Amino acid sequence: MVFSGIPFLFFFLPLCLAAYFAAPFRFKNGVLLLFSLIFYAWGEPVYILLMLFVSFSDYIIGRLMDAFGSETSKRRAFLILSILIDLSVLCFFKYADFAADSLNSLLKLLLPASGISVRGPGVALPIGISFFTFQSMSYIFDLYKKDVEAEKNYLDYITYISMFPQLIAGPIVRYITVHNELHERNISSEDISEGAERLALGLFKKVLIANRAGLLFDTVQAYAAAGTLAPGVPLSAASAWLGAISFTLQLYFDFSAYSDMAIGIGRILGFHFNENFNYPLSAVSITDFWRRWHISLSSWFRDYVYIPLGGNRKGAVKQLRNMFIVWFLTGLWHGASWNFVFWGLWHFSFLVIEKYFLGRFIEKLPGILQHAYALFVIVTGFVIFAITDMGELSYFFAAMFMNGALIGSDFMWLFRNFGVVFMLAFVLAFPVYPLLKAAFSAGNGSRAFRAFETIIFIVLFIFTVSYLVADTYNPFLYFRF
């Protein structure tokens, strides 16, 4: 079940909210838990047991860790046990087949005549496993550091882990963010109205922008997979770049839309999740980009991997080691494929360049050139992210860097069919709306702008739903992660 689907919008969510608001406060977490389990079971009924196992093991370990509050060695032993359990679950279900395939490729290269091969378990990827395992791990890490108190009620803990707004695609919500609201929360009319508007905004971004940008990229990728647009007519550089930018826009609007909807639904329910995106395509460097893109993930790796490894406190060599580990893992977190690892290391390389070589030079460039540099690295990197086949990836890069014509009939056809949506997506990827809101809502015009804003969101919602009913193309990229 996806947020941008008719069953969710007109059946699941209304029923959930009706039951949730009708229930007394002491039963609200129970209602939320029930609907969250139904939500997850819609697509993964078997793997509910896996999520329950991860949450229950960390709950028990958390209680044991709390019982030995002053005994550091025992607390550390429980921390290690939790890490081993969570990572074993994550690695088996997400990476075991990838490891087997990689080992088989290596054996075939080194021992071609041996016939030796390793068979993977062949298990399906549980939806959202990277998100709910990281959430549960963050609780144990924070408990070990004594930043939070142990959760005494398992039903409250599993409600936190399974909460459907952010269960399958984030943002990665830490227990420390919502632990107070799990036990006591006040839901105001402002929470409900602003949450509903955030939901409508996310739905608009997903259905009318991300899906259309994705259709454009799929069209270009189909040309790239075929190696040609027509007999004797290779993909032009302009079309390849149009496709690369379109995938960047699709991924940004797809994932930020889901985050918007998750934050909006959470707000309606009385929870205040942290922001996950801050107009990352307006970044002026790769360092700046990672302060703005998937903030919950980058901050997770910073706080629970980079800093515990020593961060930048033990000299340049160990800092480079720590950065390499973080970005190798960041790439691998996104998917069990080498292209994701290469994408993570691509960003690692430019972060090192900015930190040790060209950072001050880039800062002195005119703003437009800083943006151009950042977008070049970001967009080129997302081609590595998008295409898993190395042959197709090589062809796509060759097309981007002038293997064929600069502009051809293929580009003109693509732009005629997708140009309006492409330009709209590109403009909205920058902070145009916040600037307009600040300009028109200043002083006495704030109330009038607020009324106008509400009308716009209602119109957008109606228009988006109308389009959703008529269209069948509704992918969601982050399900694979």
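The values are calculated or read from the model by the stated rules, or taken from the named source; none is laboratory data. Since the structure is predicted, the reported quantities are computational estimates derived from the model, not experimental observations. In this analysis, Cβ positions are derived from the backbone assuming ideal geometry, glycine residues included, and neighbour counts consider all displayed protein chains. Remember, those area values only see protein heavy atoms, side chains included, never the ligands or the DNA or RNA. Shrake-Rupley method; radii C 1.70, N 1.55, O 1.52, S 1.80 Å.
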>> Given the condition touching a Lys or Arg at 6+ places or on another chain (Cβ under 6 Å) and not in a loop (DSSP other than H, G, I, E, B), answer yes or no: does some residue in the stretch 296-312 qualify?
In response: no
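Give the residues of the stretch 91-144 that are among the aliphatic types (A, V, I, L, M), assigned to a helix (DSSP H, G or I) and buried (at least 20 other Cβ atoms within 10 Å of the Cβ), sorted by residue number.
Result: Ile129, Met137, Ile140, Leu143.
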>> Scan the stretch 123-137 and tell me whether some residue there is more than 26 Å from Ala262 (Cβ to Cβ) and among the polar types (S, T, N, Q).
In response: no
>> Looking for something aromatic (Phe, Trp, Tyr), touching a helix residue (DSSP H, G or I) at 6+ places or on another chain (Cβ under 8 Å), open to solvent by 40 Å² or more (accessible area, probe 1.4 Å) and within 19 Å of Met163 (Cβ to Cβ) - is there at least one such residue anywhere in the stretch 4-27?
In response: no
>> Please return the ranges of helices (runs of 4 or more DSSP H) entirely within the stretch 348-449 where 2 or more residues are open to solvent by 30 Å² or more (accessible area, probe 1.4 Å), closer than 21 Å to Asn211 by Cβ and among the hydrophobic types (A, V, I, L, M, F, W, C).
In response: 409-428
>> Regarding the stretch 278-295, can at least one residue be identified that is open to solvent by 20 Å² or more (accessible area, probe 1.4 Å), at pLDDT below 95, part of a helix (DSSP H, G or I) and over 25 Å from Phe93 (Cβ atoms)?
In response: no
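Being within 10 Å of the chain's Cα centre (by Cα) and on the phi < 0 side of the Ramachandran plot is the filter here; which residues of the stretch 283-298 pass it? Step through it out loud before you land on a result.
Of all residues in the stretch 283-298, those within 10 Å of the chain's Cα centre (by Cα) come to 293-297.
Matches in the stretch 283-298: Trp293, Ile295, Ser296, Leu297.
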>> Looking only at the stretch 152-198, how many residues end up being crowded, with 18+ Cβ neighbours inside 10 Å, part of a loop (DSSP other than H, G, I, E, B) and not β-branched (Val, Ile, Thr)?
In response: 6
> Do you know which residues across the stretch 100-134 are in contact (Cβ under 8 Å) with a residue 60 or more places away in the chain and over 23 Å from the mean Cα position of the chain (by Cα)?
Replying inline: Ser102
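Can you pull out every residue in the stretch 46-72 that is among the β-branched types (Val, Ile, Thr) and in a helix (DSSP H, G or I)? Let's see the steps before the verdict.
So the first thing to find is which residues in the stretch 46-72 are among the β-branched types (Val, Ile, Thr), and the list is 46, 48, 54, 60-61, 72.
Within the stretch 46-72, Ile48, Val54, Ile60, Ile61, Thr72 qualify.
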